1. Any idea what the dipole of the stretch 4-242 comes to, in debye rounded to 20, about its Cα centre with Lys/Arg Cβ at +1 and Asp/Glu Cβ at -1?
2. With charges set only on the Cβ (+1 for Lys and Arg, -1 for Asp and Glu), what does the dipole of the stretch 246-384 come to about its Cα centre, in debye to the nearest 20?
3. Write down the Kirkwood hydrodynamic radius of the chain, to one decimal in angstroms, obtained as one divided by the mean of 1/r over all alpha carbon pairs.
4. Restricting to the chain, what percent of DSSP beta bridges are antiparallel, rounded to 5?
5. Run through the stretch 250-284 and list the chymotrypsin sites (Phe, Trp or Tyr not before Pro) located in a DSSP loop whose Cβ has at most 15 other Cβ atoms within 10 Å.
6. Give the residue from V230, V250, I276 lying farthest towards the positive end of the charge dipole for the stretch 211-308; charges sit on Cβ (+1 for Lys and Arg, -1 for Asp and Glu) and the dipole is referred to the Cα centre.
7. Among DSSP beta bridges lying fully in the stretch 138-290, give the percent that are antiparallel, nearest 5.
8. Cut-off under 25 Å on the C-alpha distance; same-chain residues fewer than 8 positions from K92 excluded. Which lysines are left, in chain and number order?
Amino acid sequence: MKAIEVKKDIYWVGAIDWSMRSFHGYATNRGSSYNAYLILDEKITLIDTVKHGFVNEMMDRIKSVIDPSKINYIISNHAEPDHSGSIPSILKYCPNAKIITSAPNGLKALKVRYGEHNYEPVKLGDTISIGRRSLKFVPTPMLHWPDSMMTYCPEEKILFSNDGFGQHLASSQRFDDENDEPIVFEEAKKYYANILMLYGRQAAKALSDMKDFDIEMILTGHGVSWRKNVAKILDLYHHWAAGDAEDTAVVIFDSMWHSTEKMAHTITEAFNEHGIPAKFYDIKANHYSDIMVDLLTCKYLAVGSSTINNQMMPPIAQFLCYFKGLSPRRHKAFAFGSFGWGGQSIALVENELKEAGCEIILDKIRIQDVPTSDQLEEIRQKVLAL
Ligand code: FEO
């Protein structure tokens, strides 16, 4: 396997994970990649590594360019093992290489995982010279771990962004313009929604810290990198970090015998009739991490569940647990559902929506057994009145 030169003397030496279909519960339907970069300058510099199981692929690519014992610096932008997991393997070749990491959290995390080495902790604005080029460090704490950091090379106008601006997308082509661009943007939005949405405030701070950078290329830690659409992806991150909402709705439900489903259809149609485009998600047919893409930008949310054994349907509970964890911006929401007797699920759903920070805009809609046409009309009127 060979390195791919992305700019003169700067090589992608990462690995492609074509088969990964779940990353901590996030459905990675198009696989991913772990991107590492090698800069040939007076000081040979490796930026990030790959997940441990892919170390041979990375070493092959590095060896196609240089002898790895010549590496002087390893920049560890992030200690999560998908980026740092091959540091011990690379250190077998260059045990004295200096490992640059964020202070204090990167240093702490790397020491816990990999023991004592030649570390150099850095903070916001610190810069090192590697010869003709310099590298400036921008810690981005909680984007999405305490140690997260990005690295900027002003001479090349390149931002090495690690998890930021990435996508879980396996591809043989390294840049946005070499791939199907709508798919790249779809996966970038899904990545932000599932990994970074919780950290909008920190994303805004990172964007502010980098506002004076002249960026022509963003070399990501996952998926493909940006050179054609740098301004567009930066603009999208500004909107996502600000929590900007569109006048759209998402209806999610699980139904035992189609009665809650009938209510979901009525609610979806009523939103559409009201001029608020709505998406209809049967949780049995859709993965919660895919639904998060629409939840990143929609204003309205309706969640429905039948009642089973005094509880909500387990797939809805799973969705709500994930949704609550991502702490999305304040959706205008309500709960609905049909039930046979107790009907506890609807109040439970409403409570979870409140705990997730939603604004409840309609009292929970409860219908016993199969909804009549009059009851469905009543639901339609309630949605039209929003
Ligand atoms: Fe891609 Fe937070 O690791």
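Read-outs: derived from the displayed coordinates by stated rules, not from any lab. Just so it is clear, the structure is predicted and the values come from calculations on it, not from any experiment. Glycine also receives a Cβ, built like all others from the backbone with ideal geometry; neighbour counts cover every protein chain displayed.
1. That gives a dipole near 440 debye.
2. Rounded to the nearest 20 debye, it is 320 debye.
3. 22.4
4. Given both bridge residues lie in the chain, the antiparallel proportion sits at roughly 40 percent.
5. Details: sites: F253, W257, F271, F280, Y281; in loops: W257.
Here the chymotrypsin sites (Phe, Trp or Tyr not before Pro) that fit, given the DSSP loop and packing criteria, are W257.
6. Positive-end residue among those listed: V230.
7. 40
8. K2, K43, K51, K63, K70, K108, K111
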